[in-house]
Amino acid sequence: MKIAIFGGSFDPVHAEHVNLVRAAAEKLGTDKIIVVPAFVPPHKQGRNMAPAQDRLNMAKLAFAGIRGCEVSAYELNAGGTSYTCRTIEYFRGKYPDAQFYLLVGADMLKDFYSWREPEQILGQCELVACRREGEELNVRAEQIRFFAKFRKRFQLLEYWGRNVSSTKARVLCAFGEDVKPYLLADVIEYIEARELYRVEHVKAALRYMKPARRKHSVRVALMAAGVAAKYKLNEHDVIQACGLHDAAKNLELTAPELAGFSLAEEVPAPVLHQYTGAYLAEHTFGIQNEDVLNAIRYHTSGRPNMSTLEKVVFLSDMLEEGRDFPGIAKLRKLYYENLDECMFYSLKCELKHLKKSKQTIYPLTGRAFEYYKENRSK
């Protein structure tokens, strides 16, 4: 009997999860595939996930049409941090004579070395990896690295997944964007009925934006949410700050929402909307989270000693996939490696552009550049 285990947070389960299971059933010739939603994945501790029961229910809806596939509540019932080694051990005890496979994505394959007791996992099952569009995976190099560490090889599933992620689905849900290309209809209906992945005030703020600005804000949020876990940020705060950062971009100073707004200094026109945006967020939408407000307040100019959220919003606004300028590829690479180094080079690039185009340089931007220049080696 061949059994494949497929674990994950499934927050939410998306179409490529389902396609991967279908491909595994066909390519591996499995008799059973067990989908196991995690209670708290080790690499996602600290992120507020959808309730466990909702993720289980969505998984049951998504995988209901696949013969031989079942969704298990084992890790949810066990509670605590979910470790694959324990899950494999449990199912091997339940099916002692079965041949087991563990399905993982390319991103999880790269992290497998840091999992709890990886040797024990490989002693119980064969690892099967699936590639996804947009992910860099040198299969030959990874096989060499894998064999050198474990004296075993992983199997590569002959299936390329589309570039779909649960993070992307959550962001699009928060913005009220069309998720039909990424989620199954039953799952969408479930999410909408329970208002899962709702981020307060984001949809309301979009009413202040022109279509192009709205698309930009979505791209900013997608980029920022993609690094939220890496930089230990609250994803809700990230999406909220990105969703509102440009809400006042086209708002006149005479608008009722800005009654009482004032600044103690003269600000260049391209920078003004960061301040009116923070005012709108606080006084119209009632946001009180100072880190979110500051991320909006300084997303164009930057400032010395920015918080991690401030830096991520500033850089995502500057480097989102709709932007194109000389050197942006290098900056995007730095964004995923070192935020402070990326701030230094991004501010340097911005100042160079402002000087070349003979635009007014806001003093705060100059001070931000000097700060990150001075602190590069510290």
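The values are calculated or read from the model by the stated rules, or taken from the named source; none is laboratory data. As the structure is a prediction and not an experimental result, all values here were calculated from the model. Heads up, the Cβs are rebuilt from the backbone with ideal geometry, glycines too, and the neighbour counts pull from every protein chain shown. The protein model used for the area step is the full one, side chains on, heavy atoms only, and it has no ligands, DNA or RNA in it. Shrake-Rupley method; radii C 1.70, N 1.55, O 1.52, S 1.80 Å.
Below is a table of values for the structure above.
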{"read-out": "Solvent-accessible area per residue for region 121-163 (1.4 angstrom probe, square angstrom)", "value": "62"}
{"read-out": "Residue-level accessible surface for Arg303, protein heavy atoms, 1.4 Å, Å²", "value": "60"}
{"read-out": "Accessible area per residue in Å² at 1.4 Å probe, computed on region 274-363", "value": "47"}
{"read-out": "Nearest-10 value in Å² for the accessible area of Lys352, using the 1.4 Å probe", "value": "150"}
{"read-out": "In Hz, Karplus ³J(HN,Hα) per residue of region 306-316 (6.51, -1.76, 1.60; θ = phi - 60°; x = Gly, Pro)", "value": "6, 6, 4, 4, 4, 5, 5, 5, 4, 6, 5"}
{"read-out": "Alpha-carbon centroids, region 1-25 and region 340-378: separation in whole Å", "value": "46"}
{"read-out": "Between region 315-338 and region 214-283, the Cα center-to-center distance that results, in Å", "value": "19"}
{"read-out": "Solvent exposure, largest accessible area first (probe 1.4 Å, DNA, RNA and ligands not counted), of Tyr208, Tyr372", "value": "Tyr208, Tyr372"}
{"read-out": "Exposed-loop-free span, longest in the chain, where GluC sites (Glu not before Pro) count as exposed if DSSP calls them loop and at most 12 other C-beta atoms lie within 10 Å", "value": "1-132"}
{"read-out": "Solvent-accessible surface (1.4 angstrom probe) belonging to Leu251, in square angstrom, nearest 10", "value": "40"}
{"read-out": "Solvent exposure, largest accessible area first (probe 1.4 Å, DNA, RNA and ligands not counted), of Ile328, Ile361", "value": "Ile361, Ile328"}
{"read-out": "Whole-angstrom gap from region 91-122 to region 124-202, using each part's C-alpha centre", "value": "17"}
{"read-out": "Structure-derived Rg/Rh (Cα atoms, Kirkwood Rh) - corresponding label in (i) 1.36; (ii) 1.03; (iii) 1.07", "value": "(ii)"}
{"read-out": "Residue-normalised accessible area of region 184-243, expressed per residue, 1.4 Å probe, Å²", "value": "51"}
{"read-out": "Stretchable slack from Lys2 to Leu263, in nm (0.36 nm times residue separation minus alpha-carbon distance)", "value": "87.2 nm"}
{"read-out": "Accessible-area composition of the chain, carbon plus sulfur, in percent [1.4 Å probe]", "value": "47"}
